[in-house]
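A.B. asks: Dumping the structure here so I can ask a few things about it.
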Amino acid sequence: MSREHRDPDCIFCKIVHGEIPSARVLETEHAVAFLDVNPVNKGHVLIVPRAHHRQVAELPDALAAHAGSLLPRLVRAVHAATGSDGSNVIVNSGRAAGQTIDHCHWHIIPRFFNDPVDWPWPHAEYLGDEIGQMAFRISRELVEPPLDE
Ligand code: 5GP
Ligand code: ZN
């Protein structure tokens with residue numbers, strides 16, 4: 001897995017390289033986890049691959065797998081440290097989805113019964129065979145090979 005990708009203007013690249021301080025909770029060869037400075041709830045952790053890739057769709061599979069492998073342990077630690085009742089683990093991808101820092105990252109947000117967070121989001125419905133057609137359109141695209149480095 002490469003660690004060479006870097007964007008000189010990226011805040012998370014600067015954090016990964018120690019040029020901006022962060023409250024780190026876990027470091028591996030390929031990823032860093034630190035506290036979100038403006039948490040949804042206190043204990044909100046970000047998992048950031050060291051290499052700069054803008055969105056999850058651009059991440060090499062091995063790096064995505066590595067970041068994902070850190071999730072269970074980090075979720076357990078956040079739960080134990082905050083006394084949370086649950087958590088949201090999310091990746092925002094693109095401005096339409098609320099991504100503000102263009103260096104792919106996972107959020108682990110501790111959640112509490114009766115906390116003020118506006119969730120869950122609304123759900124739509126499929127009509128007729130729309131659901132089958134959508135499954136076909138997506139599965140047809142999966143002939144694309146996974147991304148390497
Ligand atoms: P996004 O909206 O891109 O999914 O998430 C970016 C997150 O990064 C936000 O939750 C924001 O609070 C956090 N953030 C932005 N700048 C900094 C920073 O300089 N340090 C830390 N620790 N978190 C940051
Ligand atoms: Zn970056």
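A.B. asks: Below 8 Å between Cα atoms, with a sequence gap of 6+, how large is the relative contact order for region 11-121 in percent? Spell out each step's value before the answer.
C.D. replies: Details: 167 pairs, mean separation 30.7, N = 111.
So the answer I get is 28 percent.
A.B. asks: Given the options 80, 135, 33, state which has the largest fluctuation in a GNM of the chain using a 10 Å cut-off (strictly under) for Cα springs.
C.D. replies: In this elastic network of the chain, the residue with the biggest mean-square fluctuation among 80, 135, 33 is 135.
A.B. asks: Order of 122-129, 4-11 by packing, highest average Cβ count within 10 Å first?
C.D. replies: 4-11, 122-129
A.B. asks: Ok, one more. Taking C-beta distances below 4.7 angstrom as the pairing criterion, name the unpartnered cysteines of the chain, in sequence order.
C.D. replies: Lacking a cysteine Cβ partner under 4.7 Å: 104.
A.B. asks: If each DSSP helix of 4+ residues adds -39,500 (n - 2.57) and the sum is divided by the residues in the chain, what number results at 222 nm, nearest 500 deg cm²/dmol? Mind dumping the intermediate values first?
C.D. replies: Numbers: 3 runs with 40 residues, N = 149.
Computed ellipticity for the chain at 222 nm equals -8500 deg cm²/dmol.
A.B. asks: Same structure, new question: Rounded to the nearest 20 debye, what is the charge dipole size of region 11-121 about its Cα centre when +1 sits on each Lys and Arg Cβ and -1 on each Asp and Glu Cβ? Don't skip to the end; give the middle numbers.
C.D. replies: Numbers: 9 positive and 10 negative charges, 23 e Å.
The dipole magnitude comes to about 120 debye.
A.B. asks: Per residue, what accessible area does region 11-121 have, given a 1.4 Å probe and all protein chains present, in Å²? If you can, show how the numbers build up before the last one.
C.D. replies: On the way: 5830 Å² over 111 residues.
Value returned for region 11-121: 53 Å² of accessible area per residue.
A.B. asks: Next up: Which listed residue (39, 51, 25) has the Cα farthest towards the positive end of the charge dipole for region 11-121, taking +1 on Lys and Arg C-beta and -1 on Asp and Glu C-beta about the Cα centre?
C.D. replies: Value: 25.
A.B. asks: Continuing with the same structure: Restricting the calculation to Cα positions, tell me the Rg (one decimal) and the Dmax (whole number) of region 11-121 in Å.
C.D. replies: According to the Cα coordinates of region 11-121, Rg and Dmax are 13.6, 38 Å.
A.B. asks: Next question. Given a 1.4 angstrom probe, I'd like the percentage of the accessible area of the chain that is carbon and sulfur, rounded to a whole number.
C.D. replies: On the way: 5370 of 9590 Å².
Its accessible area is 56 percent carbon and sulfur atoms.
The values are calculated or read from the model by the stated rules, or taken from the named source; none is laboratory data. All of these numbers come straight from a predicted model, not from anything done at the bench. Positions of Cβ are generated from backbone atoms using ideal geometry, with glycine treated the same way; all protein chains shown enter the neighbour counts. Note: accessible area is taken over every heavy atom of the protein model, side chains too, but ligands, DNA and RNA are not part of it. Shrake-Rupley method; radii C 1.70, N 1.55, O 1.52, S 1.80 Å.
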